[in-house]
Amino acid sequence: MSPTRRELVRATRTRIVDAAGRLTRDRGASGFSMDVLAKEAGVARATVYEHFRSKRSVLDELASSIARTVTMDEARAPTTDPLVALRDILGAVCRHWAEHEERMNGLRTLTALTGGDQGAEGIDDKQLRRLMEALSASGQMRAHWTIDEATDALGALTSYATYERLRRAPRTPEQVEAVLAKLVVSIVSRGTNGSANHA
């Protein structure tokens with residue numbers, strides 16, 4: 001397949017998925033047929049079936065597409081103080097989930113209908129592990145926590161499911177961040193250098 005043909009195929013596939021996204025928002029995931037999808041995408045019904053063998057496969061692709069758009073970007077300015085990095089991550093997580101609440105709810109609906117994998121709902125485990133290793137190396141992690149346990153706990157605390165649960169109270173994203181900071185105190189301790197925890 002030539003590069004031009006490959007780009008055309010990719011563009012058509014994207015157009016179909018984008019049309020499915022619009023229809024899902026307007027009518028719900030079960031509120032349209034493949035014929036309606038073809039019309040919305042501006043392609044022939046046969047073209048839709050060339051790219052997707054069923055409506056479920058279109059919805060699975062839509063869910064994957066949404067999951068990619070809500071994945072947290074881990075590119076941050078490095079800091080030498082792991083407690084400051086932890087505080088910054090909690091704030092970034094709350095801002096990120098507040099910005100993507102509608103998309104996450106749509107993603108949840110799609111995955112419930114298709115039975116597919118929802119994808120990442122939080123920060124990459126490798127990033128969290130590096131942070132926990134830095135806390136441990138600086139003597140700022142409580143002794144009863146292993147790095148693996150602390151990584152898992154922080155992963156749970158920064159997940160969308162936790163954010164969503166804490167928002168139901170109702171709380172603002174800033175209030176959620178404050179609650180998360182209180183919970184994180186169970187992981188961190190006063191460092192050997194005498195700095196107080198400011199997470």
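Quick one: would you say LEU83 is over 20 Å from the mean Cα position of the chain (by Cα), surrounded by 17 or more Cβ atoms within 10 Å (Cβ to Cβ) and in contact (Cβ under 8 Å) with a residue 60 or more places away in the chain? Answer is yes for this residue. Of all the criteria given as (1) modelled with pLDDT of 85 or more; (2) of a type in the set (A, V, I, L, M, F, W, C); (3) in contact with a strand residue (DSSP E or B) (Cβ under 8 Å, 6 or more places away or on another chain), the one not satisfied by VAL84 is (3).
The rows are residues; the columns are (1) aromatic (Phe, Trp, Tyr); (2) at pLDDT below 90; (3) part of a helix (DSSP H, G or I).
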{"residue": "ALA120", "(1), (2), (3)": "no, yes, no"}
{"residue": "SER136", "(1), (2), (3)": "no, no, yes"}
{"residue": "TRP145", "(1), (2), (3)": "yes, no, no"}
{"residue": "ALA153", "(1), (2), (3)": "no, no, yes"}
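Using beta carbons and a limit of 6 Å, which pairs, at least six apart or on different chains, have the first residue in the range 133-149 and within 14 Å of VAL185 (Cα to Cα) and the second one modelled with pLDDT of 90 or more and not in a helix (DSSP H, G or I)? Close Cβ pairs (under 6 Å, with a partner that is modelled with pLDDT of 90 or more and not in a helix (DSSP H, G or I)) amount to LEU135/MET141; TRP145/ILE187. Residue pairs whose Cβ atoms lie under 7 Å apart, sitting 6 or more positions apart in sequence or on different chains, and linking a residue in the range 181-194 that is of a type in the set (Ser, Thr, Tyr) to a partner that is at pLDDT 90 or above, are SER189/GLN140; SER189/MET141; SER189/ARG142; THR192/GLY139. For the range 58-67, indicate whether the set of residues that are at pLDDT 90 or above, part of a helix (DSSP H, G or I), touching a helix residue (DSSP H, G or I) at 6+ places or on another chain (Cβ under 6 Å) and surrounded by 13 or more Cβ atoms within 10 Å (Cβ to Cβ) is non-empty. Looking for residues that are at pLDDT 90 or above, part of a helix (DSSP H, G or I), touching a helix residue (DSSP H, G or I) at 6+ places or on another chain (Cβ under 6 Å) and surrounded by 13 or more Cβ atoms within 10 Å (Cβ to Cβ), one finds at least one in the range 58-67, hence yes.
Remark: SER2 matches the filter, which requires a residue to be of a type in the set (Gly, Ala, Ser) and more than 29 Å from TYR160 (Cα to Cα). Within the range 1-29, the residues that satisfy the criterion of being loosely packed, with under 11 Cβ neighbours inside 10 Å and either polar (S, T, N, Q) or in contact with a strand residue (DSSP E or B) (Cβ under 8 Å, 6 or more places away or on another chain) (or both) are SER2, THR4.
The values are calculated or read from the model by the stated rules, or taken from the named source; none is laboratory data. These figures come from a predicted structure and were not determined experimentally. Virtual Cβ from ideal backbone geometry, glycine too; neighbours counted across all protein chains shown.
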